[in-house]
1. Would you mind computing Rg(Cα) / (2.2 N^0.38 Å) for the range A:142-181, counting N as its residues?
2. Once you treat every alpha carbon in the range A:133-205 as an equal point and sum by Debye, what is log10 I(q)/I(0) at q = 0.15, 0.18, 0.20, 0.26 Å⁻¹?
3. When the chain is fully extended, how far beyond the present Cα-Cα distance does A:VAL178 get from A:SER120, taking 0.36 nm per residue of separation?
4. B:ALA14 to A:ASN135: FRET efficiency via 1/(1 + (r/R0)^6), r the Cβ-Cβ distance, R0 25 Å, to the nearest 0.05?
5. Computed FRET efficiency, Cβ-Cβ of B:ILE22 and A:ASN84, R0 41 Å: what is it to the nearest 0.05?
6. Modelled label-to-label distance, A:ASP112 and A:GLU143, 7 Å Cα→beta-carbon offset: nm?
7. Give A:LYS77/B:LYS28; A:LYS191/B:LYS35; A:LYS30/A:LYS55; A:LYS75/A:LYS203 a once-over and call out the pairs whose C-alpha atoms are over 29 Å from each other.
8. Summing Lys, Arg as +1 and Asp, Glu as -1, what charge do residues with Cβ under 15 Å from the Cβ of A:ASP202 carry, A:ASP202 excluded?
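Throughout, read-outs are computed from the coordinates displayed, never taken from laboratory work. No experiment lies behind these values; they were computed from the predicted model shown. Positions of Cβ are backbone-derived with ideal geometry, glycine not excepted, and every protein chain shown enters the neighbour counts.
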Amino acid sequence: MIEPSLTVPEAHNWTQDEAFMSELRQQMLKFATLQLQDASLAEDAVQEAFIGALKNQQTFGRRSAFKTWVFAILKHKIIDVIRNNQRLVPSSLMQSDDDDQPDLEVWDQQFDGRGYWHLSERPTAWQQPSESASNDQFWEVFEACLEGLPGQYSRAYMMREFIGLSTDEICQQLETSVNSLNVLLYRARSKLRKCLQINWIDKGI
Amino acid sequence: MMNCKQATQLLSQAQDRKLTFIETSGVKLHTSMCKGCRNYGKQMKQLSDLSKRFLEPEPKSQPKP
């Protein structure tokens with residue numbers, strides 16, 4: 001029998017691929033732990049996401065499509081946990097709104113005394129960064145830059161940009177004011193931007 | 001007129017809320033004259049788009065033609 005040639009990847013049940021599933025689980029656990037700051041809550045969320053994925057098994061032509069789907073389930077589980085739990089982190093670990101950030105000067109060093117960019121700090125144009133998105137190396141750099149964010153900045157940033165929580169919801173979760181959150185997000189974004197500028201754009205990889 | 005520090009703070013906040021008319025005008029005036037902040041504003045949007053795609057990896061990159 002002559003097999004018909006396939007021009008699209010054969011549909012595959014990715015849940016059967018043990019090595020892939022194991023790696024996927026690790027990534028999900030890492031992501032959930034960062035968001036929830038609690039190992040057992042993270043475990044539960046990942047477990048439920050896996051159960052959800054296996055219950056509603058579909059076949060996907062591309063592994064990345066399956067991964068997206070499972071992560072979408074995980075995101076919703078994390079949102080549920082965040083919304084249902086009253087406090088995830090003891091308040092003693094939370095910075096009070098009125099604390100002046102000790103590293104205020106570091107962040108402000110991007111600007112001169114009148115609040116304008118220092119020449120060396122001024123953002124230059126990024127040519128086609130979306131092309132980088134299909135480049136594995138780029139995502140490694142991106143992930144490293146994310147990991148370079150101090151914990152509270154990283155958490156606020158990921159809640160906003162990865163999970164997609166509203167600023168009100170984040171304020172509630174982190175028990176912080178809108179102004180403080182604005183500062184957290186501003187610094188996270190500035191630091192991330194600068195990291196990508198230096199480690200990707202300027203290197204012309 | 002606002003400086004770069006003020007403009008960049010608003011450009012960050014623009015990702016999270018709608019800026020007021022006055023804020024928008026101020027930012028537009030500043031970015032029309034400041035390339036650094038113009039780029040910063042674009043990159044705020046690009047960062048957001050990239051972050052959304054972080055959890056949606058492309059298939060392993062193809063060898064370059």
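1. Details: Rg = 10.3 Å, N = 40, 2.2 N^0.38 = 8.9 Å.
Compactness ratio reported: 1.15.
2. Here log10 of I(q) over I(0) equals -0.53, -0.70, -0.81, -1.13.
3. Numbers: separation 58, 0.36 × 58 = 20.88 nm, distance 3.10 nm.
Taking 0.36 nm per residue and subtracting the Cα distance, the gain is 17.8 nm.
4. Details: r = 28 Å, r/R0 = 1.12.
Step by step, r from the Cβ atoms, then E = 0.35.
5. On the way: r = 39 Å, r/R0 = 0.96.
Efficiency computed from Cβ-Cβ geometry: 0.55.
6. If labels sit at A:ASP112 and A:GLU143, their model points lie 4.1 nm apart.
7. Values: A:LYS77/B:LYS28 40 Å; A:LYS191/B:LYS35 19 Å; A:LYS30/A:LYS55 23 Å; A:LYS75/A:LYS203 33 Å.
Pairs exceeding the cut-off: A:LYS77/B:LYS28; A:LYS75/A:LYS203.
8. Working: positive: A:ARG122, A:ARG193, A:LYS194, A:LYS203; negative: A:GLU121.
Cβ neighbours under 15 Å give a net charge of +3.
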